[in-house]
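Here the structure is laid out as structure tokens; the discussion comes afterwards.
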Amino acid sequence: MTGPETPRTVTATDVARMAQVSQSTVSLVLNGKWKGRIREETARRVMTTASELGYQINQAARSLRLGSTGTVLLVVPTLKNPAFSAVHAGAARAGATNDIGVVVFPLSAEDGCGPFPVPKQAIDGVLACSMSAADVAELRTGLPLVMLDDAPNGHTPTVSMDLGGGMAHILAHLTSLGHRRIMHVRADRPTSTFAERAHVFGQCALSHPDITASHVSCSLDPRTVRDRLVAVLASPGRPTAFVCDDDNIAMGVYYAANTLDLTVGEALSVVGFNDLPVASLSSPSLTTVRLPLNGLGFHGMQMLMDIHNGETVEDVTLGTELVIRQSTGPAPLSTDAG
């Protein structure tokens, strides 16, 4: 005695035969590309027939046929910084219009592994945000690659932000308030985005001979920044203003000032970068450079799709904006400790 036969899988050919249409018509209808090309009555008949037969699109076969998985990898340094959530939101918004999903992978993942064992077999392209040159080199798998925020070399399509202009506006704002001892609290990550901020800070300081510029490098962890800055703030003749590479770093300066009972906005001025939610919610609210993070992801995804379609692309630079709030004020007359 033989067992029951395994039911045969319903194919697109079966749907076409039952609906009395061609296979190309079935493909257009079931892939949502029939409008303007096929009569609505015919499209409804195909969809009804497919449903009655229990037909399901073979996604694996579809990917092989189209040469597309419909997935893009967004690589970011970490998921701890909410700035990258905004980048992902922008990329996902652009991808949604073309049925492309965005998978986020943080380089700081505990297992040190990506979401795919062989990326070039699982994704259509890579968006690399705030990556070092070494990290970018490891991402090159022959797939389309677009850099966001950084440009480690001149051969990779890039969507960047006018960080230099943002830094220049910060220095102009602080000097207009009378600040002459200004410290740049730098992020200790080896990326071109932070190198650009340091370069422009140095150039702006050189253009003001009466400015005493200094710098200190810290991680993005506010607690580490606090521990590093307490000694700086306790010293005689300390800086009157602090320019921070990130709003999280700025919060660390806030904590250090609070430890010494110094009032931000009066005893010292603090400026950040990003305009994260914490900037407007902190007390006092933080003066910061608003970065177009959502637009960064959106334009990056659009550029990736243009590359995939064989179009010529040009680098894009998005503008930034200095948002002045309560954390900056006139330079104090004296900064003697105690």
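The values are calculated or read from the model by the stated rules, or taken from the named source; none is laboratory data. Small disclaimer: the values here were computed from a predicted structure and weren't measured. For neighbour counting, all protein chains shown are included, and Cβ atoms are generated from backbone atoms with ideal geometry for every residue, glycine included.
For the stretch 290-319, enumerate the residues that are over 17 Å from G101 (Cα atoms) and surrounded by 21 or more Cβ atoms within 10 Å (Cβ to Cβ).
Across the stretch 290-319, the qualifying residues are L291, L293.
Here is a list: A172, A198, A231, A213. Which entry is out of contact with any Gly (no Cβ under 9 Å at 6 or more places or on another chain) and either crowded, with 18+ Cβ neighbours inside 10 Å or more than 28 Å from T259 (Cα to Cα) (or both)?
A172
From the set of residues in the stretch 301-310 that are out of contact with any helix residue (DSSP H, G or I) (no Cβ under 6 Å at 6 or more places or on another chain) and outside any loop (DSSP other than H, G, I, E, B), which is farthest from A256 (Cα to Cα)?
H308
Quick check on the stretch 114-128. Is at least one of its residues assigned to a loop (DSSP other than H, G, I, E, B), at pLDDT 85 or above and either out of contact with any helix residue (DSSP H, G or I) (no Cβ under 7 Å at 6 or more places or on another chain) or surrounded by 15 or more Cβ atoms within 10 Å (Cβ to Cβ) (or both)?
no
Filter the stretch 226-283 for residues that are among the hydroxyl-bearing types (S, T, Y) and assigned to a loop (DSSP other than H, G, I, E, B); which is nearest to the chain's Cα centre (by Cα)?
Within the stretch 226-283, the match that is nearest to the chain's Cα centre (by Cα) is S282.
Do we find that G295 is of a type in the set (G, A, S), modelled with pLDDT under 95 and either at positive phi or assigned to a helix (DSSP H, G or I) (or both) in this structure?
So G295 does not fit the description; no.
Working carefully through the options E52, E41, find the one that is at pLDDT 85 or above, more than 42 Å from the chain's Cα centre (by Cα) and of a type in the set (D, E).
Exactly one residue qualifies, and that residue is E41.
Given the condition out of contact with any Pro (no Cβ under 6 Å at 6 or more places or on another chain) and outside any loop (DSSP other than H, G, I, E, B), answer yes or no: does some residue in the stretch 323-335 qualify?
Yes, that holds for at least one residue.
Considering every residue within the stretch 238-259, establish whether at least one is without any contact (Cβ under 8 Å) to a residue 24 or more places away in the chain and within 21 Å of P330 (Cβ to Cβ).
Yes, because at least one residue in the stretch 238-259 is without any contact (Cβ under 8 Å) to a residue 24 or more places away in the chain and within 21 Å of P330 (Cβ to Cβ).
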